[in-house]
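Some notes on the structure that comes next.
The values are calculated or read from the model by the stated rules, or taken from the named source; none is laboratory data. Fair warning: this is a prediction, and the values are worked out from it, not measured in the lab. With ideal geometry, Cβ positions are generated from the backbone for all residues, glycine too; neighbour counts draw on all protein chains shown.
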Amino acid sequence: MYCPQCLVEYREGFTECSDCRVALLAGAPPEPTDSFDPTLDLVVVLETNDSMQLALAKGLLEDAGIPFYVLGQIATLVQGVDAFLHKWCRLQVPRDREAEARELVESLEQPATSDTGDAIGDTG
Ligand SMILES: [Zn+2]
């Protein structure tokens with residue numbers, strides 16, 4: 001289920017977007033190509049419903065000077081949001097910064113770094 005207005009995904013059982021008050025549509029939200037600069041080729045580097053992880057990732061990207069876009073904002077403007085209503089957020093970066101961003105984000109997901117020796121050498 002997702003809101004056609006803000007493209008936030010909802011769990012099954014919801015019929016209306018709590019933010020936009022519009023009926024939800026079934027399935028996954030389409031790629032919101034209209035709302036982004038078409039010259040930018042964006043890739044998702046993080047998908048989470050953990051606002052803390054998202055905040056940490058955004059902080060790292062800011063420090064690194066990497067521009068990013070968040071789809072499906074966690075409702076920070078709406079007061080009294082039910083705690084069980086977890087909204088999934090996608091953190092996107094331009095493709096030319098993808099490698100940098102992934103390194104930063106993966107350091108969040110795997111705090112204990114264990115090098116398996118699987119070298120990835122994609123010079124694109
Ligand atoms: Zn909505």
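When the criteria are applied in full, E98 fails the requirement of being surrounded by fewer than 13 Cβ atoms within 10 Å (Cβ to Cβ), modelled with pLDDT of 85 or more and more than 20 Å from G13 (Cα to Cα).
Taken together, the residues in the stretch 1-28 that are modelled with pLDDT under 90, farther than 20 Å from L91 by Cβ and near the ligand (Cβ under 7 Å from one of its atoms) amount to 1.
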